[in-house]
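*Asks:* One structure is given below, represented as structure tokens, and several questions about it will come after.
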Amino acid sequence: QRLSLLFHTRQPAGDSLSRLTTDTWSVYTATEAALVSPVIHVLTISAVAFAAWQLDPLLAALSLAVAPALAASARYFGHRLRSRARSHRDAHGELTSFVHQVLVSIPLVQAFNAQARNRRRFDELADRWVRASRRAVVTEAVAQSVGGVITTLGIALVLVVGGLRVLEGGVSLGTLLAFVAYVQVLEREANGLLSIHRTLHIAGASVDRVIEVLESDEAVRDPTQDIGALKRVRFVMKG
């Protein structure tokens, strides 16, 4: 409410409503994803990796070999997820703004018989929103699939190398079965971290939209003139 009329002229009321009702929830989502779950996943991975290293260093190293590939995948898809999510939120904001504008101007719409033109404009904005939503969903699905493929290849590598070592007598079959269980735990926890990473980038787009309003410097400022001087000027003018 403290922002200037110029800001609200450039920022449609519908988009501001979208930021208030939808984007603000991203703060809760990002806080929950960043403060609680990562600690649990990291502690679990550390404990399992330590136990695996004590059992067989070579297989433990192979189990953790997928970590750089997962990190590269997360880095590659991170900004793309954020960009797609931002496009989706902006398209939704434009659609909400247009609907709000039409609803508060129903008398003018009917007076100028603008129903058909508004319907065409609504269809255009809705199509843009659907396309942005589709791109965001596809990008998230591809990122999730790539992470799954990398972890699956890591499990396959451990099974192949571990099977050869069992045949050579380097490790026992029980050790290999233990590593299979370890790798499954590592895969689950790694996918959990990747899911948190995707969630943070998607929520980051909404956080950016909230920060744009909070950090705007176009607030209407209180007058800094001397109130007493203003009263004296008013008295002189009346006199």
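The values are calculated or read from the model by the stated rules, or taken from the named source; none is laboratory data. None of the values given here were measured: they were computed from a predicted structure. For neighbour counting, all protein chains shown are included, and Cβ atoms are generated from backbone atoms with ideal geometry for every residue, glycine included. Side chains are part of the model used for accessible areas, which takes the heavy atoms of the whole protein and leaves out ligands, DNA and RNA. Shrake-Rupley method; radii C 1.70, N 1.55, O 1.52, S 1.80 Å.
*Asks:* Looking for whichever is farther than 30 Å from Thr139 by Cα, at pLDDT 85 or above and crowded, with 16+ Cβ neighbours inside 10 Å here; the options are Ala91, Ala52, Ala85, Ala47. Which one fits?
*Replies:* On inspection, the qualifying residue turns out to be Ala52.
*Asks:* Please go through segment 94-103 and give me each residue that is free of Cβ contacts under 8 Å to residues at least 24 places away in the same chain and either among the small types (Gly, Ala, Ser) or surrounded by 12 or more Cβ atoms within 10 Å (Cβ to Cβ) (or both), ordered by number.
*Replies:* Val102, the sole residue that qualifies.
*Asks:* Return the total of residues in segment 20-32 being in contact with a helix residue (DSSP H, G or I) (Cβ under 8 Å, 6 or more places away or on another chain) and either within 13 Å of Leu200 (Cα to Cα) or buried (at least 19 other Cβ atoms within 10 Å of the Cβ) (or both).
*Replies:* Here the count works out to 6.
*Asks:* Right, here's the next one. Quick test of your reading of the structure: Leu176 fulfils all but one of (1) open to solvent by 30 Å² or more (accessible area, probe 1.4 Å); (2) in a helix (DSSP H, G or I); (3) over 30 Å from Glu32 (Cβ atoms). Name the failing condition by number.
*Replies:* Answer for Leu176: the failing condition is (1).
*Asks:* Please pick out the residue among Arg131, Arg117, Arg121 that is open to solvent by 100 Å² or more (accessible area, probe 1.4 Å), out of contact with any strand residue (DSSP E or B) (no Cβ under 6 Å at 6 or more places or on another chain), closer than 30 Å to Arg198 by Cβ and part of a helix (DSSP H, G or I).
*Replies:* Exactly one of Arg131, Arg117, Arg121 is open to solvent by 100 Å² or more (accessible area, probe 1.4 Å), out of contact with any strand residue (DSSP E or B) (no Cβ under 6 Å at 6 or more places or on another chain), closer than 30 Å to Arg198 by Cβ and part of a helix (DSSP H, G or I), namely Arg131.
*Asks:* Name the residue, out of Ala74, Ala65, that is in a loop (DSSP other than H, G, I, E, B), at pLDDT below 90 and open to solvent by less than 70 Å² (accessible area, probe 1.4 Å).
*Replies:* Answer to the check: Ala65.
*Asks:* So which pairs qualify, if the first residue must be in segment 1-20 and at positive phi, the second must be assigned to a loop (DSSP other than H, G, I, E, B) and not β-branched (Val, Ile, Thr), the Cβ gap must be under 9 Å, and the two must be at least 6 apart or on different chains?
*Replies:* none
*Asks:* From the set of residues in segment 187-239 that are within 30 Å of Ala85 (Cα to Cα), among the acidic types (Asp, Glu) and open to solvent by 100 Å² or more (accessible area, probe 1.4 Å), which is modelled with the highest pLDDT?
*Replies:* By that ranking, first place goes to Glu215.
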